[in-house]
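Please read the structure below before turning to the comments.
We did not get these values from a lab; they are worked out from the coordinates using the rules stated. Remember, predicted model here, so these are calculated numbers, not experimental data. Every residue, glycine as well, gets a Cβ built from its backbone with ideal geometry; the counts of neighbours run over all protein chains shown.
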Amino acid sequence: MADEPFDATPFLPQRRTLDALRDAAAGCRGCDLWEPATQTVFGEGPKDATFVFVGEVPGDREDREGRPFVGPAGRELDGALVAAGIDRAETYVTNAVKHFRFEERGKRRIHQKPDAKQIKACRPWLLAELDLLRPEALVILGATAAKSLLGSSFKLMAEHGRPLDSDLAPVVVATIHPSSILRGRDGESRQAQRDILVEDLRVAAQTLAKP
Ligand code: SF4
């Protein structure tokens, strides 16, 4: 792997359907993350989803189950969707990077952020998903997804919660990743993060609803 370029492109299938992408992504070796992880965690949701949510990377639970946003951060996202009046059935959820990145500490696997090379390597999967889905609203969850889709100069905390000018979808809004709620040091800071997420999701929903 050391001498090979980090790039998922050679693993993308010629036939572009979500099922074909998902099947091909299961065998991706486009960067070094596939080997220690259990499996590829591809996006999930209806092809005609109104909203697409892009997170960072699968977590421990997602890696074991092979499904995105099924762990504690996913529960936070589900709660925020309800609070913002977004129907979960109309959403497709995925990640900027499709394999779990972690560090082993004893029996625990501690989540690590993917680095810039891994984010870039995995980007072809994300772009291929978006190309097929063509959502009406794209919600970018956290700095890693923002880096992948909006570039490294994007300042999440300065620009979250407002509609962005982008070719990616008619409505594009960036917000915090729901896992940042879980990292809050106390109930108050967790609630403050939760409020940011809900408010930003409301902006996405309301912008979409505007005539
Ligand atoms: S993280 Fe992405 S590019 Fe790297 S091996 Fe997994 S699917 Fe391929």
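Take the Cβ atoms of Leu127 and Arg29, set R0 to 25 Å, and the FRET efficiency comes out at 0.85. For region 50-131, trypsin sites (Lys or Arg not before Pro) are listed when DSSP marks them as loop and at most 16 other Cβ atoms sit within 10 Å of their Cβ; the list is Lys107.
Placing a pseudo-label 7 Å from each Cα along the Cα-to-Cβ vector at Asp165 and Arg61 gives an inter-label distance of 4.0 nm. Compute the length gained on full extension between Lys113 and Arg134: take 0.36 nm times their separation in residues and subtract their Cα-Cα distance, giving the result in nm to one decimal. Between Lys113 and Arg134, full extension yields 4.9 nm more. Each residue, Arg185 and Ala83, gets one label point 7 Å from its Cα in the Cβ direction; the gap between the two is 2.1 nm. Take the Cα of Glu104, step 7 Å toward its Cβ, do the same at Ala192, and the gap between the two points is 3.8 nm.
Considering only Ala121, Val173, Gly55, the residue lying farthest towards the positive end of the dipole of region 9-209 is Ala121, judged by Cα position with unit charges set on Cβ.
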